[in-house]
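Below you'll find the structure, written out as structure tokens, and then a few comments.
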Protein chains: 2
Amino acid sequence: MAKQLVECVPNFSEGRRADVIEAIVEPFRRHKGCGLLDYRADQDHNRLVVSLAGSPDPLQEALLEAARIAVEHINMAEHRGGHPRIGAVDVIPFVPLQNITMERCVSLAREFGKRYHEATGIPVYYYEEAALNPDRRDLEVIRKGQYEGLKTEINRPDRHPDVGAPRLHPTAGATVIGARKSLIAFNVNLGTQDLNIAKAIAKAVRKSSGGLAHVKAIGLAIEARGCVQVSLNIVDCERNPLYRVLELIRTEAGRWGVSVVETEVCGMVPSAAMLDSLAYYLQLAGFRPDQVLELRLLHSLTEQDE
Amino acid sequence: MAKQLVECVPNFSEGRRADVIEAIVEPFRRHKGCGLLDYRADQDHNRLVVSLAGSPDPLQEALLEAARIAVEHINMAEHRGGHPRIGAVDVIPFVPLQNITMERCVSLAREFGKRYHEATGIPVYYYEEAALNPDRRDLEVIRKGQYEGLKTEINRPDRHPDVGAPRLHPTAGATVIGARKSLIAFNVNLGTQDLNIAKAIAKAVRKSSGGLAHVKAIGLAIEARGCVQVSLNIVDCERNPLYRVLELIRTEAGRWGVSVVETEVCGMVPSAAMLDSLAYYLQLAGFRPDQVLELRLLHSLTEQDE
């Protein structure tokens, strides 16, 4: 049987200092079993996203080491950046990928959350499938007001962490840990500098304001490029495919005569999501993922292992 | 080092009788080393395309067995179908896929051509990289007039086969064997029954009439669906990407108010071709194929073998 694979996508609040970024990523390179796939630093967001697909034990070892380095170098009191955040290690989601259930990822997240707090002293919030109560599933709810807001509100009972005393780590803030399905991080850059337009479009398309059920979105300014961005998480790309989200954004932007300049997919994306959107644009009928040469070869290789 | 892989895409002139199709495909299933990826029978074309990616020896064994079965069941004197053809086993291309050079595939094609003729008595024409002279590289040149035309013209010196006497096999016709780069077989169905429109569009986009340098195209009637089709081979999908070809066809069809109803990719396609076209439609910047989860996992798996 093919081995257990867990996807893990830790986000750190450092996207500008190359030496700090490399130091954080180094444990993921060194621990081969944690399966470093990709890492992407965004200067405007001031954020680092690391994509891993590995085994639970090496993943946790590497995460603890990387966390220590992040805590050592990142001071949330000084941190500025376009992307909402509450900690130096901002969020650690575990995602079932192969031969592992969501239930197992939930217990993994909760066990790791305790180890993590013991090792770093950072308070932990459980989210998504690992949330201890349904009102605390959403990252946006836990993260409300960001680091600065949480600092003042953490005393409120509804904002107490799930692990640790109700007090932020003085420089590292708090960390959100959980288990969820795979999502696609998709950014759409618009040909305008007007942040209000990006915010309006984000509001039009996201679930929380009455838009598509599986889309989270915010409008951000991307100073390095002199444009604005709708930054999205698509949490179910079968129900809300990439092309549909993009074309909806394009339609909305037309209201102000604004065009889509370019898009980015950040981190990993399942092949099915890509092929589904391509089938839309090419009007492809009857196409099977197994017709993609490399996917078919992967299939044969993994069959041989069984 | 990862093993040698040759892609092979034999085309047979049977797309209607399911029992004959299965009998032809059976040797490819049985010889595991020939790596059966896909097979597709088209009733209108009356043609079977089998996609293989395997090792040279099992490939040749399976090809000879399948050829014997095709010869046993297919009578070219009775064969009718939309797609141009000269034989029961119409064409056998070898394509270098992994750890094998084009030169090796050329010698493979030529050695196999001789074995094939000895086993079946069918005359063989070498094409593309395996052609013995530059005027005989193109399949269209060798196939001119199809089975019926070749029957009368095979005596002409410029139409003599490369292997065997200048005489068609009485029921199996002739076979074209060669080596070439990967190509994409792409069909575009149009919302009209007017075959002249499909033919005009094929003429506008293909190399031989002054169109895109790496595109071959013909217009066909697809009776089963009550529409017409531009049936294409894209022989260099980096220089003539899928999206560009489709949009050019769409533009041409607009002249007559005709729309593209659907498209098909037949057989295998490299992931790079799919991602390149998706990057066009989604306006994706900086996307790396390694961001596709399954491609990255394949990469890791094959690295481990080395």
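The values are calculated or read from the model by the stated rules, or taken from the named source; none is laboratory data. Keep in mind that this is a model prediction, so the values were computed, not measured. We place every Cβ from the backbone using ideal geometry, glycine too, and count neighbours over all the protein chains shown.
A residue that is modelled with pLDDT of 95 or more, in a helix (DSSP H, G or I) and not aromatic (Phe, Trp, Tyr) occurs somewhere in segment B:232-243.
The single residue among A:Leu246, A:Leu295 that is at the interface with chain B (Cβ under 7 Å from one of its Cβ atoms), buried (at least 21 other Cβ atoms within 10 Å of the Cβ) and at pLDDT below 95 turns out to be A:Leu295. Given the structure, is A:Val269 aliphatic (A, V, I, L, M) and within 12 Å of chain B (Cβ to nearest Cβ)? Taking the combined requirement at face value, the residue satisfies it. Would you confirm whether or not segment A:119-134 contains a residue that is at pLDDT below 95 and surrounded by fewer than 19 Cβ atoms within 10 Å (Cβ to Cβ)? Within segment A:119-134 (the criterion being at pLDDT below 95 and surrounded by fewer than 19 Cβ atoms within 10 Å (Cβ to Cβ)), the answer is yes, since at least one residue qualifies.
In summary, strands (runs of 3 or more DSSP E) completely within segment A:97-190 and bearing 3 or more residues that are within 14 Å of chain B (Cβ to nearest Cβ) and not β-branched (Val, Ile, Thr) occur at A:184-190. Return a yes/no flag: does segment B:34-44 have any residue that is surrounded by fewer than 17 Cβ atoms within 10 Å (Cβ to Cβ) and over 20 Å from the mean Cα position of the chain (by Cα). Within segment B:34-44, none of the residues are surrounded by fewer than 17 Cβ atoms within 10 Å (Cβ to Cβ) and over 20 Å from the mean Cα position of the chain (by Cα). Of all residues in segment B:212-243, those that are under 20 Å from B:Lys144 (Cβ atoms) and buried (at least 20 other Cβ atoms within 10 Å of the Cβ) total 7. Within segment B:252-274, the only residue that satisfies the criterion of being over 12 Å from A:Leu282 (Cα atoms) and in contact with a Phe, Trp or Tyr (Cβ under 8 Å, 6 or more places away or on another chain) is B:Cys266.
Considering the conditions (1) more than 9 Å from chain B (Cβ to nearest Cβ); (2) not in a loop (DSSP other than H, G, I, E, B), A:Val258 is excluded by exactly one of them, (2). Scanning segment B:280-292 for residues that are under 14 Å from A:Val265 (Cα atoms), touching a Phe, Trp or Tyr at 6+ places or on another chain (Cβ under 9 Å), more than 7 Å from chain A (Cβ to nearest Cβ) and of a type in the set (A, V, I, L, M) turns up nothing. Taking the stated definitions as given, is A:Arg255 among the basic types (Lys, Arg), closer than 17 Å to A:His45 by Cβ and surrounded by fewer than 17 Cβ atoms within 10 Å (Cβ to Cβ)? It is false that A:Arg255 is among the basic types (Lys, Arg), closer than 17 Å to A:His45 by Cβ and surrounded by fewer than 17 Cβ atoms within 10 Å (Cβ to Cβ). Evaluate segment B:177-197: report whether one residue or more is in contact with a helix residue (DSSP H, G or I) (Cβ under 9 Å, 6 or more places away or on another chain), within 28 Å of B:His73 (Cα to Cα), surrounded by fewer than 23 Cβ atoms within 10 Å (Cβ to Cβ) and not basic (Lys, Arg). Looking through segment B:177-197, none of the residues is in contact with a helix residue (DSSP H, G or I) (Cβ under 9 Å, 6 or more places away or on another chain), within 28 Å of B:His73 (Cα to Cα), surrounded by fewer than 23 Cβ atoms within 10 Å (Cβ to Cβ) and not basic (Lys, Arg).
Suppose the filter is touching a strand residue (DSSP E or B) at 6+ places or on another chain (Cβ under 8 Å), surrounded by 20 or more Cβ atoms within 10 Å (Cβ to Cβ), of a type outside the set (Phe, Trp, Tyr) and in a helix (DSSP H, G or I); does A:Leu278 pass it? For A:Leu278, the condition - touching a strand residue (DSSP E or B) at 6+ places or on another chain (Cβ under 8 Å), surrounded by 20 or more Cβ atoms within 10 Å (Cβ to Cβ), of a type outside the set (Phe, Trp, Tyr) and in a helix (DSSP H, G or I) - is met. Kindly indicate whether any position in segment B:7-27 is over 14 Å from the mean Cα position of the chain (by Cα) and either modelled with pLDDT under 95 or within 14 Å of another protein chain (Cβ to nearest Cβ) (or both). Taking every residue of segment B:7-27 in turn, none turns out to be over 14 Å from the mean Cα position of the chain (by Cα) and either modelled with pLDDT under 95 or within 14 Å of another protein chain (Cβ to nearest Cβ) (or both).
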